[in-house]
Amino acid sequence: MANVFFTSDHHFGHKHIIDFESRPFSDVEQMNEVMIDSWNSIVGKDDKVFHLGDFSFLNKEATRNIVARLKGYKILILGNHDRGRTRSWWLDVGFDEVSEYAVIYKDFFFLSHEPMYMNKHMPYVNVHGHIHNQKYEGNHHFNICVEHWEYKPLSFEQIREAVVASEEG
């Protein structure tokens, strides 16, 4: 049975993100290669990956080359840095599905790029990216940005366990 993973904010090709987010890479080429290797060390070819936005700053050919190297069935939820390109552009570079809007997964997980407003009466956990090294307090947000997870996608089970454990605590 295929596994399901979540990740966000790779910013492939964005050299300034190394300084902005204190990423441990000497240059953009090293960053790109480590992130590709990290993805492929976790994801199998039959697995599904939800990428919650801000995937690449590279041109179409370079982005297509990276997507082709990444294992799994890839679903992109557009981030603020992705929205300057059309949905068809992202499909052309190799994403299997692209959504311009947030997605509800398993009736409980609200998948979005930017953190969404949530309160204790809402029946969801917002799995999101966008805020990189920052984190929201409480049980209603789960930041999936690569900086928090050693540049590797996180499995659905890991997220579910973290959310259930925090609900019980």
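Okay, helix-only estimate at 222 nm for the chain: each DSSP H run of n ≥ 4 adds -39500 (n - 2.57), divide by all residues, round to 500 deg cm²/dmol; what do you get?
On the way: 5 runs with 49 residues, N = 169.
It comes out at -8500 deg cm²/dmol, rounded to the nearest 500.
For the stretch 1-132, with every protein chain kept in place, what is the accessible area per residue (1.4 Å probe, Å²)? Could you put the intermediate results ahead of the total?
Values: 6450 Å² over 132 residues.
The answer is 49 Å² per residue.
Between 0 and 90 degrees, rounded to the nearest ten: what's the tilt of helix 60-69 against the longest Cα principal axis of the chain?
Once rounded, one gets 60 degrees.
Tilt of helix 156-168 relative to the longest C-alpha principal axis of the chain, in degrees (0 to 90, nearest 10)?
30 degrees
How far apart, in nanometres, would the label points at GLN30 and TYR136 be if each is projected 7 angstrom from Cα along the Cα-to-Cβ direction?
Those two pseudo-labels are separated by 3.4 nm.
May I ask for the angle, rounded to the nearest 10°, between helix 28-42 and the longest principal axis of the chain, with both axes built from Cα atoms and the value confined to 0 to 90°?
With both axes taken from Cα atoms, the answer is about 50 degrees.
Nearest 0.05, what FRET efficiency do HIS16 and TYR124 give at R0 = 35 Å with Cβ-Cβ as r?
With R0 = 35 Å, the Cβ-Cβ based efficiency is 0.60.
Note down the relative contact order for the stretch 77-117 as a percent, whole number, built from C-alpha pairs under 8 angstrom at least six residues apart. Write down the numbers at each step before the final one.
Working: 34 pairs, mean separation 17.7, N = 41.
43 percent.
Positive end of the charge dipole of the chain (Lys, Arg +1 and Asp, Glu -1 on Cβ, about the Cα centre): tell me which of PHE20, ILE36, LEU91 has its Cα farthest that way.
Of the options given, the answer is LEU91.
Please compute the length gained on full extension between VAL103 and ALA162, using 0.36 nm multiplied by the number of residues separating them and subtracting their Cα-Cα distance. Show your work: numbers first, answer last.
Working: separation 59, 0.36 × 59 = 21.24 nm, distance 2.00 nm.
Contour length minus the Cα-Cα distance gives 19.2 nm.
The values are calculated or read from the model by the stated rules, or taken from the named source; none is laboratory data. Please read all numbers here as calculations on a predicted model, not as lab measurements. Here the Cβ is made from the backbone with ideal geometry for all residues, glycine too, and neighbour counts use every protein chain on show. The accessibility values were calculated without ligands, DNA or RNA, using every heavy atom of the protein model including side chains. Shrake-Rupley method; radii C 1.70, N 1.55, O 1.52, S 1.80 Å.
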